[in-house]
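Heads up, the thing below is written out as structure tokens.
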Amino acid sequence: MREDERFAMKHIATSALFIGILISSGCRMTQDQAERLAYDVRDGAERLKNSTRAEEIVEYAPPGALEYSIRFEVSESLQPPYTGALVVGESGTTYHARFVYVPKPLSIKKRGTSAQIVLRKNGGRIEVTDLR
């Protein structure tokens, strides 16, 4: 085998290995959007908890999305089993339920603009109270 053929075979093998790793890991090079928003809500809740403010606004816009929807289901406990999904488009999570209460169902559809998730202190609780 010539040197250039050996180089090409090595390059193909390396590329195939890389692609195999990506596929076996679920191609999770980016988070799904519900997860991303749940992390943003977690961080906003932490900022609000450690401040004297009564309200925190979390801005959210999925990358490249012209139209998207956000839905919060009721979540009244910060303990497992976590209830009340957060759904962005087709993906959902309950990760946010470890940090915030959702006293009523909320949903919004947006087109080409960011959404605002309103977090408010209510006694010792941080609640998701509005979507704008």
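The values are calculated or read from the model by the stated rules, or taken from the named source; none is laboratory data. Here the structure is a predicted model, which means the values were calculated and not measured. Here the Cβ is made from the backbone with ideal geometry for all residues, glycine too, and neighbour counts use every protein chain on show.
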> Here are some residues: 87, 118. Which one is hydrophobic (A, V, I, L, M, F, W, C) and either farther than 16 Å from residue 41 by Cα or buried (at least 17 other Cβ atoms within 10 Å of the Cβ) (or both)?
Replying inline: 87
>> From the list 73, 5, exactly one residue is of a type outside the set (S, T, N, Q) and modelled with pLDDT of 90 or more. Which is it?
In response: 73
> residue 120: over 20 Å from residue 35 (Cβ atoms) and either out of contact with any Lys or Arg (no Cβ under 9 Å at 6 or more places or on another chain) or not aromatic (Phe, Trp, Tyr) (or both), yes or no?
Replying inline: yes
>> I need a count of the residues in the stretch 44-93 that are of a type in the set (Val, Ile, Thr) and assigned to a loop (DSSP other than H, G, I, E, B).
In response: 3
